[in-house]
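**Student:** Got a structure for you, written out below as structure tokens; questions coming shortly.
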Amino acid sequence: MAARPRNIPTPGKNTNSQRYLNIDFTVEVQMPAHPKEPPKQVVAERISSFNRSEFAQLLGMEVTEASDGYARVVMDCRGKKNPHGVAHGGAICALADQAFGIAANCAGIDRVAVSVHIQYISPATGSLVAIGQRVADNGRYSTFRIMVYEGERIIAEFDGVAIQVSPPP
């Protein structure tokens, strides 16, 4: 971000005007250009590769829908319960992480996680759905919010930050 005096406009940029010490400033925010929608075959291959991964198969996770910045992944809790008889937190986190991963990587751009946070809200015993979407992107770092549901009940909220490790196609 660069601060410029208010009287020097920059066309085509988002601006936020501020007043500090009786001086008017405009802060420019350079929004990245999103790549074109990836070809359907790229998306289909990414979904297939995530569904074929050993860990996804081990936990019975399946990507049912995905596009650039969006994912829907399902998993049944059977065989993944803790001693209290509810879904293990690690299984719930893994499901959310799978949705985060495919949402971040569906467009053919490679991204890896640099930070995640999960908040468990309610125990679960049945079929879970993780729905993830990109909520911010500065061109190199992207932030995603993944909500995990059992039916209509919220089980967990997961926030992840990914960094781009390959150039856009």
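**Student:** Within the range 48-58, does at least one residue satisfy the condition of being in a helix (DSSP H, G or I), modelled with pLDDT of 95 or more and within 12 Å of the chain's Cα centre (by Cα)?
**Tutor:** Within the range 48-58, not a single residue is in a helix (DSSP H, G or I), modelled with pLDDT of 95 or more and within 12 Å of the chain's Cα centre (by Cα).
**Student:** Here's a follow-up. Any residue in the range 119-136 that is touching a Cys at 6+ places or on another chain (Cβ under 7 Å), aliphatic (A, V, I, L, M) and either at pLDDT below 95 or buried (at least 18 other Cβ atoms within 10 Å of the Cβ) (or both)?
**Tutor:** Looking for residues that are touching a Cys at 6+ places or on another chain (Cβ under 7 Å), aliphatic (A, V, I, L, M) and either at pLDDT below 95 or buried (at least 18 other Cβ atoms within 10 Å of the Cβ) (or both), one finds at least one in the range 119-136, hence yes.
**Student:** Shifting gears a bit: Return only the number of the condition from (1) over 29 Å from D159 (Cβ atoms); (2) in a strand (DSSP E or B); (3) modelled with pLDDT of 60 or more that T64 does not satisfy.
**Tutor:** (1)
**Student:** Would you confirm, using the coordinates I've provided, whether R134 is closer than 21 Å to E65 by Cβ and touching a Phe, Trp or Tyr at 6+ places or on another chain (Cβ under 6 Å)?
**Tutor:** Values: closer than 21 Å to E65 by Cβ: yes; touching a Phe, Trp or Tyr at 6+ places or on another chain (Cβ under 6 Å): yes.
Spelling it out, R134 is indeed closer than 21 Å to E65 by Cβ and touching a Phe, Trp or Tyr at 6+ places or on another chain (Cβ under 6 Å).
**Student:** Just checking, how many residues over the range 77-93 are touching a Phe, Trp or Tyr at 6+ places or on another chain (Cβ under 8 Å) and either without any contact (Cβ under 8 Å) to a residue 24 or more places away in the chain or within 21 Å of E45 (Cα to Cα) (or both)?
**Tutor:** Going through the range 77-93 one residue at a time, the tally reaches 0.
**Student:** Return yes when A99 is of a type in the set (A, V, I, L, M, F, W, C), surrounded by 17 or more Cβ atoms within 10 Å (Cβ to Cβ), closer than 24 Å to E45 by Cα and in contact (Cβ under 8 Å) with a residue 12 or more places away in the chain and no when it is not. Reasoning before the result, please.
**Tutor:** On the way: of a type in the set (A, V, I, L, M, F, W, C): yes; surrounded by 17 or more Cβ atoms within 10 Å (Cβ to Cβ): yes; closer than 24 Å to E45 by Cα: yes; in contact (Cβ under 8 Å) with a residue 12 or more places away in the chain: yes.
Yes: the conditions hold for A99.
**Student:** Quick check on my filter: what residues within the range 106-118 are at pLDDT 95 or above and either outside the structural domain of I47 (by TED's automatic domain parsing) or touching a helix residue (DSSP H, G or I) at 6+ places or on another chain (Cβ under 6 Å) (or both)?
**Tutor:** Matches in the range 106-118: R111, I118.
**Student:** Taking the stated definitions as given, is Y70 in contact with a Gly (Cβ under 9 Å, 6 or more places away or on another chain), surrounded by fewer than 18 Cβ atoms within 10 Å (Cβ to Cβ) and within 17 Å of R46 (Cα to Cα)?
**Tutor:** Spelling it out, Y70 is indeed in contact with a Gly (Cβ under 9 Å, 6 or more places away or on another chain), surrounded by fewer than 18 Cβ atoms within 10 Å (Cβ to Cβ) and within 17 Å of R46 (Cα to Cα).
**Student:** Checking the structure you have, find out if any residue of the range 68-77 is more than 15 Å from the chain's Cα centre (by Cα), among the charged types (D, E, K, R), part of a strand (DSSP E or B) and at pLDDT 95 or above. Walk me through how you get there before you give the answer.
**Tutor:** Just the residues of the range 68-77 that are more than 15 Å from the chain's Cα centre (by Cα), to begin with: 74-77.
Cutting the leftovers down to among the charged types (D, E, K, R) gives us 76.
If we keep only those that are part of a strand (DSSP E or B) as well, we get 76.
Add one more test, that the residue is at pLDDT 95 or above, and what stays is 76.
Yes, the range 68-77 has at least one match.
**Student:** Does I118 count as out of contact with any Leu (no Cβ under 7 Å at 6 or more places or on another chain), in a loop (DSSP other than H, G, I, E, B) and among the hydrophobic types (A, V, I, L, M, F, W, C)?
**Tutor:** When the stated conditions are applied, I118 does not pass them.
The values are calculated or read from the model by the stated rules, or taken from the named source; none is laboratory data. Not measured: the values here are computed from a predicted model. With ideal geometry, Cβ positions are generated from the backbone for all residues, glycine too; neighbour counts draw on all protein chains shown.
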